[in-house]
Amino acid sequence: MAVSQSDALILFGASGDLAHRKIFPALQAMVRRGRLDAPVIGVARTQWSLEQFRARVGESLAKHPGLDVQASTKLSGLLRYVSGGYGETATFERLRKELSGAAHPLYYLAVPPSIFATVLEGLDKTGCARDARVVVEKPFGRDLKSAQALNRTLRASFPEQAIFRIDHYLGKEPVQNLLYFRFANPLFEGVWNARHIERVQITMAERLGVAGRGRFYEEAGAIRDVVQNHMLMVIACLTMMEPAGNDHESVREARASALKTIRPLNPYDVVRGQFRGYRQEQGVAPDSRVETFAALRFYLDGDRWANVPFYVRVGKRLPVTATEVLIEFKRPCCPVLDEYEPPLADYIRFQLSPNVSIALGTNVKLPGEALVGKRTELVAHQGSGDDMDPYERLIGDAMSGDARLFAREDAVEAAWRAVAPILTSATPLYDYEPNTWGPNEADRIIGEGGWHNPQGAI
Ligand code: NDP
């Protein structure tokens, strides 16, 4: 069945932070690449004229690197604005007028999740939802129950194939590269299993604290903010089976199936931490028990990954800002090698940010009589970061109806199931000094060999 291109983009919450920081720059980039030529209708309660809305978009583009005068002028010409309450039928009537016959609009709900139901109901009631698509942003609920409720709300107005859930991590170039590297290099697919892989480490470290977003962070914490979504998506990309086809449903099916194999966490496999000084941040409760650090050990069901631990460590106020995946293979065991200086395990290291590279750690022999060697790293790929911003990629994909990089309902629910046991059990919370790698208790999770600490920007 041919998939139709969206012929209008409607941005609810056009006055908000996400629109200003991410969406407008992405729209300019889409115009520059010739991926956007449809009306862009901002909707918000803020009483702006079209000129004021244009000025707001111009302000956003001026602040963002990569201002393109030609593209921004063209984008400005595509803009329309509708002001009004999200619960008022009159707002949707005005919106319908602005849509002026668009057959496949795409609605982007850049509003707080508490407003989703009101907006969806308005779209449904006024016939605006017909043959349309909808984009929502993470967080998709705060636990399994609220995620299921959100899915029910969305499904009441839109069929699943018209719902585009953005976890922008999936739109990142280096995350895409995890999949590409695996399936484009059968050499590695052959050893991509429990027989050859000892363990996997994924670290997402941030130097920054909560950067003035204490109130938001108090509602989330590290596990809800980045583990349940971004980190589990990375595990899914690392472990999913080859999709049955190149269509987006096959890719989503393979990713969702991988997420369904992640075993619900045992509270013993989690260490939570909070950096000293967090409780003094604006918007943070003086007795807050919210974690700014988490070290976790996941296991997957099934033979392919039997007993391979997937260690995840995320945290704020750590010594560097870097995200890295380390695949550690089993140590070689061969009688001709020197038993006193045995080779180290091979590894593959994916630097996802801020530098982007794929490196292969191997052993090579040192010159001399003995069969001893040294560790050498072959850098297989190096790039300077994202070429296409994830938001540009994802909005373009949603407009063309390509759901490959969007989270399906069952995938979101599977990810919540994996972390559910630790959201309800009160696991201890340990302090750590800013600029360290979190509380020492995190070492209990990883055992022999210890954590691999990535380097920051070079
Ligand atoms: P904002 O808090 O900036 O809200 C967006 C707009 O929604 C506001 O400008 C306001 O517009 C309207 N709004 C806010 N609160 C209410 C309310 N209580 N009732 C009715 N309208 C309200 O949100 P963000 O732009 O930060 O985020 C939008 C969505 O994206 C959210 O779902 C968020 O969770 C998600 N998200 C945001 C990220 C970010 O970096 N900001 C990152 C990842 C996800 P007006 O008053 O003019 O109608």
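Against the conditions (1) within 14 Å of the ligand (Cβ to nearest atom); (2) touching a strand residue (DSSP E or B) at 6+ places or on another chain (Cβ under 6 Å), residue 40 satisfies every one except (1). Residue 64 meets the conditions (1) in contact (Cβ under 8 Å) with a residue 12 or more places away in the chain; (2) more than 16 Å from the ligand (Cβ to nearest atom); (3) surrounded by fewer than 23 Cβ atoms within 10 Å (Cβ to Cβ); (4) over 24 Å from residue 115 (Cα atoms) in every case but one. The failed one is (2). Residue selection: residue 161 satisfies the criterion of being in contact (Cβ under 8 Å) with a residue 24 or more places away in the chain, closer than 18 Å to residue 395 by Cα, away from the ligand (no atom under 13 Å from the Cβ) and part of a helix (DSSP H, G or I).
State which residue is farthest from the ligand (Cβ to nearest atom) when the search covers only the stretch 116-138 and only residues that are within 24 Å of the chain's Cα centre (by Cα) and touching a residue at least 60 places away in the same chain (Cβ under 8 Å). Residue satisfying both the conditions and the ranking: 133. Counting only residues that are among the hydrophobic types (A, V, I, L, M, F, W, C) and within 12 Å of the ligand (Cβ to nearest atom), the stretch 13-37 holds 5 of them.
Look at residue 215 and say whether it is within 14 Å of the ligand (Cβ to nearest atom) and either hydrophobic (A, V, I, L, M, F, W, C) or not in a helix (DSSP H, G or I) (or both). In short, no. Within the bounds of the stretch 354-375, is there any residue that is assigned by TED's automatic domain parsing to the domain that holds residue 222, out of contact with any Pro (no Cβ under 8 Å at 6 or more places or on another chain), touching a residue at least 60 places away in the same chain (Cβ under 8 Å) and closer than 30 Å to residue 211 by Cα? Scanning the stretch 354-375 turns up at least one residue that is assigned by TED's automatic domain parsing to the domain that holds residue 222, out of contact with any Pro (no Cβ under 8 Å at 6 or more places or on another chain), touching a residue at least 60 places away in the same chain (Cβ under 8 Å) and closer than 30 Å to residue 211 by Cα.
Is one or more of the residues making up the stretch 366-387 under 25 Å from residue 438 (Cβ atoms) and hydrophobic (A, V, I, L, M, F, W, C)? No, every residue in the stretch 366-387 fails to be under 25 Å from residue 438 (Cβ atoms) and hydrophobic (A, V, I, L, M, F, W, C). On the given criteria, is residue 53 within 19 Å of residue 135 (Cβ to Cβ) and touching a residue at least 12 places away in the same chain (Cβ under 8 Å)? Against the criterion (within 19 Å of residue 135 (Cβ to Cβ) and touching a residue at least 12 places away in the same chain (Cβ under 8 Å)), residue 53 does not qualify. Is one or more of the residues making up the stretch 143-153 surrounded by fewer than 14 Cβ atoms within 10 Å (Cβ to Cβ), within 16 Å of the ligand (Cβ to nearest atom) and in a helix (DSSP H, G or I)? For the stretch 143-153, residues surrounded by fewer than 14 Cβ atoms within 10 Å (Cβ to Cβ), within 16 Å of the ligand (Cβ to nearest atom) and in a helix (DSSP H, G or I): present. Which numbered condition trips up residue 6, out of (1) of a type outside the set (Lys, Arg); (2) out of contact with any strand residue (DSSP E or B) (no Cβ under 9 Å at 6 or more places or on another chain); (3) away from the ligand (no atom under 16 Å from the Cβ)? Here residue 6 meets the rest and fails (2).
The values are calculated or read from the model by the stated rules, or taken from the named source; none is laboratory data. The model shown is predicted, which means the values in this text are computed figures rather than measured ones. Note that each Cβ is placed from the backbone with ideal geometry, even for glycine, and that neighbours are counted across all protein chains shown.
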